[in-house]
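Novice: Sharing a structure, written as structure tokens. Questions coming.
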Amino acid sequence: MGVAEDIAKLELDVRELVIKYEQYFFGIEKREPLRQLEAVERAVRRYQNVSIPNTSQRFKYDSLVATLSVHKQKWTRTNRLIEEGKFQRDRFRMSLHQAEKGEKQSKTNAPPPPQESQIDNVFQQYVNARLACNLPVENITKEKVAEAINRQKPALMQKYGCRDVDFVVVIEGGKPSLKARPKTT
């Protein structure tokens, strides 16, 4: 193969390696793609001390080497954060898992009265969601959540023509919010 073909193959390999690392960090791939990284580094070293006469090919090669270097730094930093337990995606997933565990344990206990338990449940979900998003919870009180629910409930019941409205906590754009779900029965 010539220099142009090698550089084109290197570009494809770097793209594929970036995708594999993203899949690894998202949890789709179970193992870090170290063999692919090694193969790409070997291809980079092949032209490291070789003079590439074509300027555009030399620029493309240098750009790919710089891109790989930046990505390797990012991957190293992310792996270190994973090992320290500070990686954001893992912490978010772990806090959701803990919240689900807490809900299962609370469901096994005797349920309190329906209206109060609904507000308690929404409040607890809201606090857990704020913690999962690394937002402060000091100024969030059960009374504020209950006030917001009671203020919005009549207007929503009139708007949707229903007897009752359930509230659930959803995370949109990295921030938790209350969403209303009309009850028809």
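Novice: It is to be established whether one or more residues within the range 157-168 are assigned by TED's automatic domain parsing to the domain that holds GLN118 and within 20 Å of LEU131 (Cα to Cα).
Specialist: Looking for residues that are assigned by TED's automatic domain parsing to the domain that holds GLN118 and within 20 Å of LEU131 (Cα to Cα), one finds at least one in the range 157-168, hence yes.
Novice: Another question, if that's okay. Just to be sure, is ARG31 among the charged types (D, E, K, R), surrounded by 11 or more Cβ atoms within 10 Å (Cβ to Cβ) and either outside any helix (DSSP H, G or I) or at pLDDT below 95 (or both)?
Specialist: For ARG31, the condition - among the charged types (D, E, K, R), surrounded by 11 or more Cβ atoms within 10 Å (Cβ to Cβ) and either outside any helix (DSSP H, G or I) or at pLDDT below 95 (or both) - is not met.
Novice: Testing MET157 on (1) of a type outside the set (Lys, Arg); (2) more than 28 Å from the chain's Cα centre (by Cα); (3) assigned to a strand (DSSP E or B), one condition comes back false. Which one is that?
Specialist: Just one mismatch for MET157, condition (3).
Novice: Scan the range 128-146 for residues that are in a helix (DSSP H, G or I) and exposed (fewer than 12 other Cβ atoms within 10 Å of the Cβ) and jot them down.
Specialist: The answer is GLU143, and nothing else.
Novice: Now for a different question. May I ask you to list the residues in the range 1-36 that are within 30 Å of SER51 (Cβ to Cβ) and of a type in the set (Val, Ile, Thr)?
Specialist: Correct list: VAL3, ILE7, VAL14, VAL18.
Novice: Now for a different question. Is it the case, given these coordinates, that GLN36 is over 11 Å from LEU68 (Cβ atoms) and in contact with a Leu (Cβ under 9 Å, 6 or more places away or on another chain)?
Specialist: Answer is yes for this residue.
Novice: The conditions are (1) exposed (fewer than 14 other Cβ atoms within 10 Å of the Cβ); (2) over 21 Å from the mean Cα position of the chain (by Cα); (3) not in a helix (DSSP H, G or I), and ASN150 fails exactly one of them. Which is it?
Specialist: That leaves (3) as the condition not met.
Novice: What is the residue count in the range 1-28 for residues that are touching a residue at least 12 places away in the same chain (Cβ under 8 Å) and either more than 29 Å from the chain's Cα centre (by Cα) or in a helix (DSSP H, G or I) (or both)?
Specialist: So the count comes out to 16.
The values are calculated or read from the model by the stated rules, or taken from the named source; none is laboratory data. Predicted model only: the values in this text are computed from it and were never measured. Don't worry about glycine lacking a Cβ; one is built from the backbone with ideal geometry, like all the others, and counts go over all protein chains shown.
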